[in-house]
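The values are calculated or read from the model by the stated rules, or taken from the named source; none is laboratory data. These numbers were taken from a predicted model, which means no experiment stands behind them. Here Cβ is always computed from backbone atoms with ideal geometry, including for glycine, and neighbour counts include all displayed protein chains.
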Amino acid sequence: MDQRKKYILMAVAGIFVVLASYFLFEHFMYVQTENAQVDAHSVLLSAKVPGYILEVKAQQGDRVQKDQVLVQIDDRDYKSLLESAQSELLSLQARRQDAEKNFRRIKDLYASSVVSQQQYDTAFANYNEVKAKYDSAAARVAQAQLNLESTQLKAPSDGVIARTSAEIGQLAGAGTPLVGFVSSSSRWVTANFKETEIADVK
């Protein structure tokens, strides 16, 4: 055997020894098991407002992104309620502005002793009454807007649909569970080891 072949054989043997040593190191330094599974916390997503389900946009096993619409509840009545509340608010806004303008005028006149205490009290009471109605209408608009947005059941984060009980045409009450959801951040691996291997787990 010439010198060149001898060097080649020695190099191959050296590589083999290195690879064998690496795999032996992996085997003895790290405990392995095939008895493991991925676990996760599943949460139920429920309808926030009552209504008939128009669309089911995600099925079991689907991967979804944060704020993706999963279930759509009929929103026509909620849109009508919002429009009605907004119309009332607009009307009261004009009345509030008129009442406020009148009160400021009476207040200035009262300071100059041009109008009576009774006229001042009447203007002040009228302004407060209209303002209270306006504030109440504004609150109804905010609630109507929230209810309309709640007709869409959305994914709270990136994740996977574990199961769904929503069906098109179903009448869902507020609080009715519709979707089982698993967040991408709430999964972990559960591994089972033999009692003799526990000491080697780090």
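Residue-wise test of (1) polar (S, T, N, Q); (2) more than 18 Å from Leu146 (Cβ to Cβ); (3) in contact with a Ser or Thr (Cβ under 6 Å, 6 or more places away or on another chain).
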| position | (1), (2), (3) |
| --- | --- |
| Ala47 | no, no, yes |
| Pro50 | no, no, no |
| Ile53 | no, yes, no |
| Lys57 | no, yes, no |
| Gln65 | yes, yes, no |
| Asp75 | no, no, yes |
| Glu88 | no, no, no |
| Asp98 | no, yes, no |
| Arg104 | no, yes, no |
Exercise. Looking only at residues in the stretch 141-164 that are hydroxyl-bearing (Ser, Thr, Tyr) and in contact with a Gly (Cβ under 8 Å, 6 or more places away or on another chain), which one is farthest from Asp62 (Cα to Cα)?
Worked result: Thr151
Exercise. Within 26 Å of Glu149 (Cβ to Cβ) and either hydrophobic (A, V, I, L, M, F, W, C) or modelled with pLDDT under 95 (or both): does that describe Leu109?
Worked result: no
For this session: With respect to Val69, determine if the residue is modelled with pLDDT of 50 or more, among the β-branched types (Val, Ile, Thr) and in contact with a Ser or Thr (Cβ under 9 Å, 6 or more places away or on another chain).
Result: no
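Which one is surrounded by the fewest Cβ atoms within 10 Å (Cβ to Cβ) among residues in the stretch 65-93 that are of a type in the set (D, E, K, R) and within 17 Å of Pro50 (Cα to Cα)? Walk me through it before giving the result.
From the stretch 65-93, those of a type in the set (D, E, K, R) are 66-67, 74-77, 79, 83, 88; that's our starting set.
Filter again for within 17 Å of Pro50 (Cα to Cα), leaving 74-77, 79.
Working: Asp74: 17, Asp75: 18, Arg76: 11, Asp77: 15, Lys79: 14.
Among those that are of a type in the set (D, E, K, R) and within 17 Å of Pro50 (Cα to Cα), it is Arg76.
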Seminar exercise, completed: Filter the stretch 94-106 for residues that are among the basic types (Lys, Arg) and surrounded by 15 or more Cβ atoms within 10 Å (Cβ to Cβ); the one that is nearest to Ala125 (Cα to Cα) is Arg96
